[in-house]
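S.K.: Have a look at this one.
The values are calculated or read from the model by the stated rules, or taken from the named source; none is laboratory data. Since this is a predicted model, take the numbers as computed values, not measurements. Glycine also receives a Cβ, built like all others from the backbone with ideal geometry; neighbour counts cover every protein chain displayed. Heavy atoms of the whole protein, side chains included, go into the accessibility calculation; ligands, DNA and RNA do not. Shrake-Rupley method; radii C 1.70, N 1.55, O 1.52, S 1.80 Å.
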Amino acid sequence: ERGSGRIKVGRHMSFFRGFREALGIAPVDRFTVAHLRYLLGILDRNPIVNPGNVDTMVETVREISELVTWGDRHSSHMTEFFMEHRMLERLLGYLQPSKKTAESVKVQILQSLSIFFQNLTNNSLVFYLLSNDHINELITHRFDFQDEELMAYYISFLKALSLRLNHDTIHFFFNADKVPEFPLLTEGIKFYNHEEHFVRVAVRTLTLNVFKVDDSGMRIFVANRAAVPYFSNLVWEMMRRYREMDAVGGRTDAAASPRSLAPVRSSMASLVQEQVDNLEYINDLLLLNVPALRGVLLSRLIHKLMHELVLDPLSERRTGAGPGGSGGDAHLPVAILVPAQILSVIT
């Protein structure tokens, strides 16, 4: 009787579970394959995002990432369901330009993928996410970077991807046997000079993660296609900042009172710290000890930064050929500061 009763109860439970799923009612237990199947049903019923379902779709994408991340450590059935039903492709489908998906859904998709790449431990799941060139297509997707929140999640996504780069995964991002392309790097370094500090830091982290991967084909590509323009822009930007420091120093001399001097000192301190950050980054690049990259970077530092900001002004001072016969005195403080900072930071 008791055994029979349990069987009957189990059958009733199974019946009601199937009935709830058929009606699109969420299972009581969230961290189950049944709930992930329910979320998949929401995706199937909402192929287009519109004002009436946008909040539902944001929450659905968020829940999917939460369940898959949990399943990565606790339930292989959940991650297998995610892969077997190709849920990544369904999510990326919302990014098709023709669908005109709301920015809030795009933000949530980027956030979810960042969470995946920061937290997943299952190699099969990670390789599924990276396969079929979906990620490279996402990297090159034309997002509206005027949306600051979307921009922030895009950069975080690129940084999270770079943390997954190694000898076993580099072929997902770069394949020397095909037309050489490396979107993760080439798209990332477009933001090297972004006004937001956290964006610049993320780009530097990304480049360091890329450059340290020991792959000959990728390093040839970087040396031939990316290193020269990237390092040239980096050094040029440093030169621009040093010249700005020179101009700020001139305003210091012209300040009439301590009150008018305070903002000038603040600007100078900010510029000095920014240059220290730049030099620490250059030091990190040199410490990677990649000969081809090291050669390009040192060439730009010596022939541009040192020559134009240090050697030329000192030569002008010695010959008296500076502007207005000053012998280069206007640029002397920077000419002294540049090598002092380099010697204090670069090891």
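S.K.: Could you list, in sequence order, all residues of segment 195-219 that are open to solvent by 60 Å² or more (accessible area, probe 1.4 Å), free of Cβ contacts under 8 Å to residues at least 60 places away in the same chain and not acidic (Asp, Glu)?
M.R.: Once the filter is applied, which keeps residues that are open to solvent by 60 Å² or more (accessible area, probe 1.4 Å), free of Cβ contacts under 8 Å to residues at least 60 places away in the same chain and not acidic (Asp, Glu), segment 195-219 yields 197, 198, 201, 216.
S.K.: Can you tell me which residue among 77, 85 is loosely packed, with under 15 Cβ neighbours inside 10 Å, in contact with a helix residue (DSSP H, G or I) (Cβ under 7 Å, 6 or more places away or on another chain) and at pLDDT 95 or above?
M.R.: 77
S.K.: Select, from 105, 179, the only residue that is modelled with pLDDT of 95 or more and more than 14 Å from the chain's Cα centre (by Cα).
M.R.: Within the list 105, 179, the selection yields 105.
S.K.: If you don't mind, another one. Hey, can you tell me all the residues within segment 301-310 that are touching a residue at least 12 places away in the same chain (Cβ under 8 Å) and open to solvent by 60 Å² or more (accessible area, probe 1.4 Å)?
M.R.: 304, 308
S.K.: Kindly establish whether residue 320 is modelled with pLDDT under 75 and open to solvent by less than 60 Å² (accessible area, probe 1.4 Å).
M.R.: Here the answer is yes, as residue 320 does meet what is asked.
S.K.: Take the residues in segment 93-102 that are in a helix (DSSP H, G or I) and crowded, with 17+ Cβ neighbours inside 10 Å; name whichever of them is nearest to the chain's Cα centre (by Cα).
M.R.: For segment 93-102, the residue satisfying everything is 95.
S.K.: If we scan segment 44-51, do we find a residue that is β-branched (Val, Ile, Thr), at pLDDT below 85 and open to solvent by 40 Å² or more (accessible area, probe 1.4 Å)?
M.R.: No; the residues of segment 44-51 include none that is β-branched (Val, Ile, Thr), at pLDDT below 85 and open to solvent by 40 Å² or more (accessible area, probe 1.4 Å).
S.K.: Turning to a different aspect of this structure: Of the conditions (1) without any contact (Cβ under 8 Å) to a residue 12 or more places away in the chain; (2) assigned to a helix (DSSP H, G or I), residue 145 satisfies every one except a single condition; which number is it?
M.R.: (2)
S.K.: So, one more: Which fully enclosed helices (runs of 4 or more DSSP H) of segment 182-292 have 3 or more residues being of a type in the set (A, V, I, L, M, F, W, C) and over 17 Å from residue 158 (Cα atoms)?
M.R.: 216-221, 227-254, 258-287
S.K.: What do you reckon, is residue 224 at pLDDT 95 or above, out of contact with any His (no Cβ under 8 Å at 6 or more places or on another chain) and within 30 Å of residue 177 (Cα to Cα)?
M.R.: In short, no.
Condition check ((1) at pLDDT 90 or above; (2) farther than 21 Å from residue 211 by Cα; (3) open to solvent by 40 Å² or more (accessible area, probe 1.4 Å); (4) in contact with a Cys (Cβ under 7 Å, 6 or more places away or on another chain)) across all residues:
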site: 251; (1), (2), (3), (4): no, yes, yes, no
site: 263; (1), (2), (3), (4): no, yes, yes, no
site: 275; (1), (2), (3), (4): yes, yes, no, no
site: 297; (1), (2), (3), (4): yes, no, no, no
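S.K.: From (1) touching a helix residue (DSSP H, G or I) at 6+ places or on another chain (Cβ under 6 Å); (2) at pLDDT 90 or above, pick out the condition that doesn't hold for residue 309.
M.R.: It is condition (2) that residue 309 fails.
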